[in-house]
Every structure is written in structure tokens, then in C-alpha cells.
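The values are calculated or read from the model by the stated rules, or taken from the named source; none is laboratory data. All values derive from a computational prediction rather than experimental measurement. A quick note on method: Cβ atoms are made from the backbone with ideal geometry, for glycine too, and the neighbour counts reach across all protein chains shown.
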Amino acid sequence: MAENIEDKAQSEKPSALVDKISGLGQKIIGEIETIGGILTADPITEAEGEFNLEVGSVREEIEDSIEKESKENK
């Protein structure tokens, strides 16, 4: 019975790898938007790309710090 509860809890936790990939994906999308904004001379698209790039970096930093804290607490 206790094993089922632990298995369920682990399956509900998001994978750290998925979170890192999503942060990396956000950075990639940001780079593409930035380049697209430069090529089309659209400052809004360029700014949105820079924003997504920063958000991806922040997401990765947050995930790394959460992972580090969880390892320290064990």
C-alpha cells in the first residue's frame, strides 16, 4: 500500500529533465525570434525574442537551484 502511494507521488512530480528541456527550448525559440526580428526589421519580434531568451535562462537557474536545494535537504 505504501509503495503505491510513493509510486503515485513520483509519477505526479515533473521530471527535472523535462523542465531543463523546456528552459532550453524557450531559449532556442527566443534566439529564433530575435534573428527573425532582425531580418524583418521588426523591433517587437526582436524584443519578444530577447524576452524569451531571458525567461529561458531564468527557468534554468530556478530549476538548478531547486535541484541543488533538494539534494542538500536529503
Answer residue from the stretch 49-74, given it is under 9 Å from the mean Cα position of the chain (by Cα) and among the hydrophobic types (A, V, I, L, M, F, W, C) and is farthest from G30 (Cα to Cα) among those: I62
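Yes/no matrix, rows are residues, columns are (1) polar (S, T, N, Q); (2) modelled with pLDDT of 90 or more:
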| residue | (1), (2) |
| --- | --- |
| I21 | no, no |
| L24 | no, no |
| I32 | no, yes |
| A47 | no, yes |
| F51 | no, yes |
| V58 | no, yes |
| E63 | no, no |
| N73 | yes, no |
Hey, T40 surrounded by 10 or more Cβ atoms within 10 Å (Cβ to Cβ), modelled with pLDDT of 90 or more, touching a helix residue (DSSP H, G or I) at 6+ places or on another chain (Cβ under 8 Å) and at negative phi or not: no
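In the stretch 22-74, how many residues are outside any helix (DSSP H, G or I) and of a type outside the set (D, E, K, R)?
1
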Odd one out for I5, checked against (1) surrounded by 10 or more Cβ atoms within 10 Å (Cβ to Cβ); (2) at pLDDT below 90; (3) of a type in the set (V, I, T): (1)
